[in-house]
Every structure is written in structure tokens, then in C-alpha cells.
Amino acid sequence: MKSSYKLDEARETIDIWRGNRESIGFVPTMGALHKGHLSLIERAKRDNKRIVVSIFVNPLQFNDKNDFDNYPSTLEQDQLLLDEAGVDLLIAPAASEMHPQPMNFAMSVKSISDVYEGQFRPGHFDGVATVVAKLLLLVGPSRVYFGEKDIQQCYVIKRMVEEFHFPNVIEIVETYREASGLAFSSRNTRLSDASKRIAPSMYQNLLRAAKEIRDGSDPATVINVAIEKVAEAAKREAVEFGYDYVELIDQNFKSVAQYSEGLRIVAAWTLDGVRLIDNLSV
Ligand code: AMP
């Protein structure tokens, strides 16, 4: 695998593949790679001749400086994993090159950025859309892969690609979970042992809630029961639990009160200050 820390160098490599009309699959990440990332790469390998992965902890998408400063970084280990996974090119640029200062241009995401992740992380989706647009222009992939775990991010990117007539195909890959049901996340490494023990309980309880909603129970009631169960589990482990939202939504991220097809539950919660997100189909 080739590693490029400079954008020009990455472009040179990619230009050769494009010249040969080789299909390029692209997986953008922020590093601290885990099996969830690897599942995106596996999927990309099925559909493309060349695989490009980026590792870039994008400062624009962190509304919380503390979260940015504490974001895990494991570049050497990541490179080994990517090499083993059969990736052709890693792009790991410096922030100063990705976002030359002063920045005069940025994406501005409307309406969808006012709810859920957008509401609780002001500026987050503007930052995501800006860096993804830059990366798509740089890499020019045939297909680009995103994880369903970040379902609202998938929605934002799909809309951006449509509205800006980007030629890239967006592929969404289902959430890769531990046997316990906990979604793999780079932030899991920041959980204490006690938090790790209870982290899966949100998904487990929401899975049960989803079934009860399908079976006709009142969504708000069963979701509240699920939250209460997680709170109790946290209390038993002396872990501080809080949540930003746990809600039933439709495909346009509108909160809904009654069951119909195509709904999801989205959730964001904290365990001793470490913020996790997840979602599942109802
Ligand atoms: P991140 O490094 O957290 O920005 O994630 C990079 C990509 O991997 C995003 O498209 C995420 O949605 C995706 N991803 C993260 N965790 C998982 C997971 N557990 N399963 C599938 N995809 C994931």
C-alpha cells in the first residue's frame, strides 16, 4: 500500500488509475480504525479495482474542542490494517493542506442540520460536507462508502451529491456490531471498563422497543422504557448516563409518533461523558 501525506502526490497516483479506466472505491475515515471501517473496505473491494482510504481528523466537524483533542490516533496500526486489507492508497493529509487558512469557502447545510446530530453538534454537518466535497473532488472515486451507523451523515452526503451533481455513487454499508450488539466506534476505546459493560444495553433495549412498536405498542412509551433500562444499568455500574435524543423518525428525519414502514430509531447518549450514537430500523 502506498501512503500519501501530500495531496499532489495522492493525485498523481490516482491519475494513473483513472488514465487506465480502473474503477476506484473510496472510504473516507478519521482513523483509529476498527472492524466497522474494515467492513466498508471489504464491501468496496467487491465493487472496485482500486481502493483508496483517507484518514483525516477533520477539525471543522468538531464543535467540541475537547472531543477533537481527545480523538484517538493510531496511524501506524491503521497502516498495518489497511495494508493487510488490500488497500491500494492511504491519503493522510495535514489539516493545513486540507484546509488552507484563511478559509473563504465552506459548505452550508440547511434544515437537516437543525435536528438530531445537527442540533446537538452545531456546525458539524457543514464541516462534514465541506471535507467530503474536497475529498470527492480530489479522489474522483467511482463509488464512495459510508456507514449506516452515521445515518444522518449518509442523508446529508446523499443530498449534497445530488444537489451539486457530483458524479460519484454513494454506497451505504450496514452497521458492524460486536456480538453484544454494540456498534464498533473509534470512541469505544475511550469508554471505561464499567461503561463498556453497559454500552451495549442501548442497542439491546432499542431492539426490543422496535419489536414492540412493530407489534403495536405506543412508540413514545416503549422508547422511554428502553431509556429507563439503560439508565438503571448505568446506575448499577456507577456510570453517569445522559442522552441527547432517542427518537422514532421517518426517512426525512422527521420525528413521528405512530408506526409505519421505513421508520428508524436514532439515539445519542453519553456514558461518563463519552458520546455514542446508534440507530436501527424499526
Ligand atoms: P469515522 O472514522 O468514524 O468518521 O467513520 C468513517 C466511516 O466508517 C463512516 O462512514 C462511518 O459511518 C463508518 N463506520 C463507523 N463505524 C462503523 C460501524 N460500526 N459499522 C459500519 N460503518 C461504520
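Quick notes
- Criterion: surrounded by 15 or more Cβ atoms within 10 Å (Cβ to Cβ), away from the ligand (no atom under 13 Å from the Cβ) and over 14 Å from Asn63 (Cβ atoms) - qualifying residue of Val173, Val115: Val115
- Condition check for Arg43: touching a Leu at 6+ places or on another chain (Cβ under 9 Å) and basic (Lys, Arg): no
- Search result, residues across the stretch 190-205 that are away from the ligand (no atom under 16 Å from the Cβ) and in a loop (DSSP other than H, G, I, E, B): Ser192
- Number of positions in the stretch 26-51 that are under 17 Å from the mean Cα position of the chain (by Cα) and either under 18 Å from Leu138 (Cα atoms) or part of a helix (DSSP H, G or I) (or both): 15
- Qualifying position, being within 16 Å of the ligand (Cβ to nearest atom) and either assigned to a helix (DSSP H, G or I) or farther than 21 Å from Leu40 by Cα (or both), among Arg187, Arg208: Arg187
- Residue under evaluation Cys154, criteria (1) hydrophobic (A, V, I, L, M, F, W, C); (2) outside any helix (DSSP H, G or I); (3) within 13 Å of the ligand (Cβ to nearest atom), criterion not met: (2)
- Out of Val144, Val139, one residue alone is of a type outside the set (Phe, Trp, Tyr) and within 13 Å of the ligand (Cβ to nearest atom). It is Val144.
- If you go through the stretch 145-193 and keep only what is under 17 Å from Val131 (Cα atoms) and of a type in the set (D, E, K, R), you end up with Asp150, Lys158, Arg159, Glu162, Glu163.
- Considering the stretch 37-58, and only residues there that are small (Gly, Ala, Ser) and out of contact with any Gly (no Cβ under 6 Å at 6 or more places or on another chain), the residue that is farthest from the ligand (Cβ to nearest atom) turns out to be Ser54.
Computed from the coordinates by the stated procedures, all read-outs in this text should not be read as laboratory data. Because the structure is a prediction, the values reported are computed rather than measured. Ideal geometry is used to build each Cβ from the backbone, glycine not excepted, and the neighbour counts take in all protein chains shown.
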